[in-house]
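Have a look at the structure below before the remarks.
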Amino acid sequence: MLKNRSKLMFVLVIFVGALVGAVLGELVGLVLPDGVVKDFFLRSVSFGFSPTTINLVLLTFTFGATIKLNIIGVIGIVLASYVFRWYM
């Protein structure tokens, strides 16, 4: 039970780190002037699958997920992982 809890906590920490990194990346994009540095920090890779709809007459389900990751998001994940290791 404890191992499952720490795995779930690790996934949550990684998700929060990516989320904080994405927010910081957007803020950096607002602050920096146009140029190479701004392009470096805002260049991102998106992967996932597009929304798919399943219609069952009574219910309709839509599934889809896309992850957009930039360099500051990676830094946020690394920092969150470090904090997780420090507290565990």
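Some points to look at:
- Filtered by the rule that a residue be of a type outside the set (D, E, K, R) and within 15 Å of Leu69 (Cβ to Cβ), region 6-27 gives Ile14, Phe15, Val16, Gly17, Ala18, Leu19, Val20, Gly21, Ala22, Val23, Leu24, Gly25.
- Of the residues making up region 1-41, just one is surrounded by 14 or more Cβ atoms within 10 Å (Cβ to Cβ), over 24 Å from Tyr82 (Cβ atoms) and hydrophobic (A, V, I, L, M, F, W, C), namely Leu32.
- Members of region 49-84 found to be under 23 Å from Leu8 (Cβ atoms) and exposed (fewer than 10 other Cβ atoms within 10 Å of the Cβ), listed by number: Ala65
Values in this text are rule-based calculations from the coordinates and carry no lab data. Since the structure is predicted, the reported quantities are computational estimates derived from the model, not experimental observations. A quick note on method: Cβ atoms are made from the backbone with ideal geometry, for glycine too, and the neighbour counts reach across all protein chains shown.
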